[in-house]
Amino acid sequence: MNMLNRLHEWLDEKTCAELDDRRLARRVRTAYRHVEPPTPADDLFAQLRARAEKTPQLAPEARRAETPKPSLATLRKRTEQERLIERSNQRRRSRHYGDHYRQIMDYALNQMRMSLLDAGMRLL
Amino acid sequence: MSSDGELIVRLRDEDLDALGELFERYRHQVYRVALAIVRDPYIAEDILQDAFLKLHKYAHRIDIERPLMPWLYRVTANLSYTFVTRNAKRRVPLDDVNEGQLVSPKGQAPDRVTERTELRNDVREAIETLSTQQRTVVILHYLATLSIQEIAEILECPVGTVKSRLHHARNNLRQRLQSEQLFAELTHEYA
């Protein structure tokens, strides 16, 4: 029942949000509906036409030339660089996890020491 | 009436009358988006011209199989957003934008027109109070009806950022309009 109520609430909220959204969209469109440029349209187009006559059109986009295949030497160099980067990353990772592991071990040992002390105190 | 694609094909042959037809067809939408973002009617006019100049310049590169309006909106939004971000300190009071540029719809009672004009101005003022980023997202989403994905591409930011800006903008607008008890009135007015 609780689930059903929550579902109803969620649906109500969703419906309200959607209605709000639609109203807002209508409001924004209405707010700008009757806005006109200060200059008459004919004058604006006359200016635009004069500018367009002076502006050359761009030719259709030329197809991109295919990128040349890398040489064997470049490929070898790239592989070597990638190998070095990976090795450096591995070292960094192991250092990071090593630190983390050491912290966990210190904590566990400390906890064990405390438990032993506690048990010893109880025995005494 | 020629389709957008036919007009662009004519424009490719330097037929500037085709550009005139496209200008007449889409100038309102382009101008409104530009004005909403830059908040200066004269700069919005420049952006309107620049957007259509780009249409002329890139006519050969536009895909005529796809609708033109999203392309125009994208160019307008980019031009407007670039202008605003480069001139962040410049600010025009909203009164300057409103005065003398509103055309009353024909056949409506003057008091009704005034009332509606006031309501419209209040919504515009509320949008005006938003930050540039939030305002741009609101205008592109609600006025230009672009999807969140398209807005993210225009603004060159992640989809999540657009969603977040829209969410905050919506909350700010709601708060602002509700505080003036406008939201309910407007809802009643236009529902």
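The values are calculated or read from the model by the stated rules, or taken from the named source; none is laboratory data. Worth saying up front: this structure is predicted, and the values here are computed from it rather than measured. Note: accessible area is taken over every heavy atom of the protein model, side chains too, but ligands, DNA and RNA are not part of it. Shrake-Rupley method; radii C 1.70, N 1.55, O 1.52, S 1.80 Å.
Structure notes:
- Accessible heavy-atom area order of A:79, A:39, highest first, probe of 1.4 Å: A:79, A:39
- With a 1.4 Å probe rolled over the protein heavy atoms of all chains, the accessible area of B:13, B:50, A:99 falls in the order B:13, A:99, B:50, largest first.
- In the range B:1-48, the residues whose accessible area drops by at least 50 square angstrom when the other protein chains are added to the isolated chain are B:16, B:23, B:31, B:32, B:45; the probe is 1.4 Å and only protein heavy atoms count.
- Size descriptors for the range B:1-91, from the alpha-carbon set: Rg then Dmax equal 13.5, 44 Å.
- Chain A against chain B buries an accessible area of about 4400 Å², both chains summed, 1.4 Å probe radius.
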